[in-house]
Amino acid sequence: MAQVRPADAQELLERLQTVTAALAGVTSLARCADVVLTQGLEALGGEAGMLMLLDPERQVLELVESRGYPEQALDGWRTIPLEAPILLAETARTGAPIFLGTREETVQRYPAITDALKHTQNGARVSLPLVLEGRVLGTLGVSWAQERTFDEEDRAFILAVASQGALALEHAQLYERERTAREEALMLAARLKVLAEASRAFAAEQQDLRGVLQTVAGQLTGTLADGCILHLLSPDGDVLVPEVVAHVDPEAVQPLWEALVQAPIPAGAGRLGVALRSGGSVLVPQAHGGPWWSAEEPAHLELHARFPLHSLLVVPLRMGSRVLGAFTLTRHRPAQPFTREDQQLAEDVADRATLAIDNAYAYSREREARAHAEAAARRAARLTEEARRAVQVRDEFLSVASHELKTPLTPLSLRAQALARELAAGSTRGAAVHVEVMQRQVRKLADLVEGLLDVSRVGEGRLSLARELVCLVDLVREVVARHEQEAQKAGCALELSLPEEAVGQWDRLRLEQVVVNLLTNALKYGAGGPVRLAVESDTGVARLVVQDAGIGIDPRDVPRIFERFERAVSSRNYGGMGLGLYISRQLVEALGGTIRVDSRPGAGARFTVELPRN
């Protein structure tokens, strides 16, 4: 049997120093295993090798790194029970190295690995314990293509390489445990910070339900999840209503919201339904790009394609036995699934969020009740004021109506008495004059009564129209002719600007009443200035304009002059009951038209009526 070893001790020392230098400063366990195996094989001149670490709790050896073996040869070696009858397991059990110079020696001592040797080298092999302070960390297996013997110098060098590997592995494990502990401490601190900030934010937003929900989603997005969708149960409990959508990718927020609004989720559907029914969280560490909610909804299917889901966590919002809703947390990176620790943190946040949401609900209900009470108080105050105003308007109207009705009655009574005296004296010389005055006062009384009846009809919705073909130009001429004497008494010159015709389907008597009201109103307030009446005709529309140069109207009074019993001047200075413009507006609107006024104090008033011709 051949003996294969380095030429001299100096070369062994240099190789050992190379291994030591390569392992210096290595802190990653995976990197350390790679260096131990690579440098160990090079130093020992081996063709293949594997490094396995011991799991004391499970009592197994786990393959960490290998070199020179085909994949099919490793299938049965990735996890080896410590009691297995093979050389690597025996080394781990005993802590003693095993040196085998030939294949026959290996098969004879460990027949259980006969089949496995078909895929490996046919020469010598060793199994070395990685021991530190009496503790076995794992084993290092090395094999050669040729048979060989191991003298004392070979064995000492091989064990020295194993010792260096064990020391480096222990250092790497300690560093990883320290790093893991540090990461866990940082993670714990971050989780405590999330809870503290969530509690503080919920306290600050406790009166605003929308603010509470946005705070919940904001606290969980970024720190714990890539996305957070918060649903609340509808009042009837049948549907989950989306309230807030948050995501680390701003471009995902709108598609998510639209999909949820377009295809609402039934309260009992999918994982959300499971969480709501059970009252417990649903953790899906590996969703494998599966559906967010429903694989049958087209709107949800599009989300699956655009934002593949890799991990999912659904946490219900519970208040005692009552479930208010749930939030869905998502992650889209395969390497970062949700853990039980994440679930615990999310549940802690959910407990705080549920209390904040319930407080917000209570505050919202209280605020609504207070708003209803305040609205009822305002409504009662308004009704009281309206009633007071109505009584005041009624009293003012009765006073004005009494005065207006007396105005024609007084001359009517005087003329009747004068006529009676003349007739008693056998004279009829002044009878015609007396009768004319009496007729005029009777017409005035009739107009007053008709105005009151019109107000009653409008109020009761009994205003009827008899539409016929009417020429507005002819109508204006007739009204002006009847009021020429009144215009002369008022000192107002009447100016007309009329086309040949302006024909439409209107109620003649009602339209005449509008023209009369606007003309008499202009003569009353025209202050002796000219009064202009104009008719314009466009396609489909006829327009009547009545303009005076009188006292004008304060802009603050314009909105109310078309109301019942309203006027912009004192009734003591100007007669009338405040009904003319009110009735005119009602008649114009009944005919499908509009009426407006343009005026300012001292500059007269311009009333414009627009009527559809058909």
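The values are calculated or read from the model by the stated rules, or taken from the named source; none is laboratory data. No experiment lies behind these values; they were computed from the predicted model shown. Glycine also receives a Cβ, built like all others from the backbone with ideal geometry; neighbour counts cover every protein chain displayed. We work out accessible area using only protein heavy atoms, side chains counted, and drop any ligands, DNA or RNA first. Shrake-Rupley method; radii C 1.70, N 1.55, O 1.52, S 1.80 Å.
Just a few scattered comments:
- GLY138 being surrounded by 20 or more Cβ atoms within 10 Å (Cβ to Cβ) and not in a helix (DSSP H, G or I): yes
- Filtering the stretch 360-370 to residues that are modelled with pLDDT under 80 and open to solvent by 30 Å² or more (accessible area, probe 1.4 Å) leaves TYR361, ALA362, TYR363, ARG365, GLU366, ARG367.
- Selected residue [at pLDDT below 90 and open to solvent by 50 Å² or more (accessible area, probe 1.4 Å)] from ARG510, ARG532, ARG482, ARG567: ARG482
- Selection count where residues are touching a helix residue (DSSP H, G or I) at 6+ places or on another chain (Cβ under 6 Å) and part of a strand (DSSP E or B), scope the stretch 501-536: 3
- Scanning the stretch 577-614 for residues that are assigned to a loop (DSSP other than H, G, I, E, B) and among the basic types (Lys, Arg) returns ARG600, ARG613.
- The set of residues in the stretch 598-614 that are touching a Ser or Thr at 6+ places or on another chain (Cβ under 8 Å) and open to solvent by less than 20 Å² (accessible area, probe 1.4 Å) comprises ALA605, VAL609.
- Flag if GLN254 is farther than 25 Å from GLU341 by Cβ and at pLDDT 75 or above: yes
- For the stretch 340-359, the set of residues classified as open to solvent by 50 Å² or more (accessible area, probe 1.4 Å) and either of a type in the set (A, V, I, L, M) or not in a helix (DSSP H, G or I) (or both) consists of LEU355 only.
- Every residue from the stretch 235-273 that is assigned to a loop (DSSP other than H, G, I, E, B) and open to solvent by 20 Å² or more (accessible area, probe 1.4 Å): PRO235, ASP236, GLY237, ASP238, VAL248, ASP249, PRO264, GLY268, ALA269
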